[in-house]
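Please treat every number below as a calculation from the coordinates, not as lab data. Model, not experiment: these values are computed from the prediction. Here Cβ is always computed from backbone atoms with ideal geometry, including for glycine, and neighbour counts include all displayed protein chains.
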Amino acid sequence: MLTDDETPIVGRDSGWFWWVVERKNGLGTCWVANNLTDEKGDTSQVPVVAAPPTPKPADTEPPTLSVSYLPANPLSNQVITFEAIGSDPGGIAWIEIWIRPPGQSVASLLGTCSGSSTCRLQGGPYVAGQGQVFARAEDNAGNFVESNSVPFDVSWYIG
């Protein structure tokens, strides 16, 4: 609305601080502070209208994410279970588990879990040496996080 525009008042808040007026373009109503208006006529019968709900702020916080593995002291003949756990009030969209096995210099994607806050994947057996595991996740609002890298030591199996 512009200065000197007129439009019908169709509601008010209970404290008489705000008016609900018809939009000039005919598309619904809007709220206007009463200190910005000059009312004409009797407003004593204007009905109280419930205010719309306050919009929720946008989710900009990334999820939390941790990664672990079992067994705690794996041997070169064992399969290792890697687990990543994400947490976010809006939910987890996906979690990826990445590993750099012993003897390799580059991490690779072990697998992806979708729609769950827990991701468990198995890998190995691996040669003896130190490897690393980390996880990546995205929440349902599109916020991304990468966990800290966790080393794991594989010992030779002598049997």
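Taking N as the number of residues in the range 1-51, what is its alpha-carbon radius of gyration divided by 2.2 N^0.38 Å? Working shown, then result.
On the way: Rg = 10.3 Å, N = 51, 2.2 N^0.38 = 9.8 Å.
The reported ratio for this selection is 1.05.
Taking Cβ-Cβ under 4.7 Å as the only way to count a partner, pick out the unpartnered cysteines of the chain.
Flagged as lacking a Cys partner: CYS30.
Taking 0.36 nm per intervening residue step and subtracting the Cα-Cα distance, what contour gain separates ASN77 from SER116 on full extension?
On the way: separation 39, 0.36 × 39 = 14.04 nm, distance 2.98 nm.
Between ASN77 and SER116, full extension yields an extra 11.1 nm.
What does the convex hull of the alpha-carbon atoms of the range 64-154 project to on average, in nm²?
Numbers: hull surface 20.4 nm².
About 5.1 nm², averaged over all directions.
Modelling each spin label as a point 7 Å along the Cα-to-Cβ direction, I'd like the ASP4/ASN143 distance in nm, to one decimal.
Each label point is offset 7 Å from its Cα along the Cβ direction, giving 5.0 nm.
Relative contact order for the range 1-51 using alpha-carbon pairs under 8 Å, separation at least 6, rounded to a whole percent?
That works out to 36 percent.
Find the percent of Cα-Cα distances in the chain that exceed 19 Å, and round it to a whole number.
Working: 8345 of 12561 pairs.
Of the Cα pairs, 66 percent sit more than 19 Å apart.
Looking at the chain, identify the longest residue range that excludes and avoids all trypsin sites (Lys or Arg not before Pro) in DSSP loops having at most 14 other Cβ atoms within 10 Å. All intermediate terms of the calculation are to be shown ahead of the outcome.
Values: sites that count: ARG23, LYS24, LYS40.
Segment 41-159 is the longest.
Label CYS30 and ALA128 with points 7 Å out from Cα along Cα→Cβ: what is the distance between them in nm?
7.5 nm
Using Cα springs under 10 Å in a Gaussian network model of the chain, which residue among VAL133, VAL20, VAL106 shows the largest mean-square fluctuation?
Between VAL133, VAL20, VAL106, it is VAL20 that shows the largest mean-square fluctuation.
Within the range 1-65, list the chymotrypsin sites (Phe, Trp or Tyr not before Pro) lying in a DSSP loop whose Cβ has at most 11 other Cβ atoms in a 10 Å radius.
Sites meeting the loop and neighbour criteria: TRP16, PHE17.
Residues with amide H under 5 Å of ALA93's amide H, sequence separation 5 or more or different chain, H placed in the peptide plane at 1.01 Å from N; which?
Amide H neighbours of ALA93, under 5 Å, 5+ apart: GLU138, ASP139, ASN140.
Sort out the exposed loop GluC sites (Glu not before Pro) in the chain (DSSP loop, at most 11 other Cβ within 10 Å) and tell me the longest stretch that has none.
Longest site-free region, per DSSP loop and neighbour criteria: 40-159.
Contact order normalised by length for the chain, with contacts defined as Cα pairs under 8 Å and 6 or more residues apart; what percent is it?
Details: 353 pairs, mean separation 32.4, N = 159.
Worked out over the chain, it gives 20 percent.
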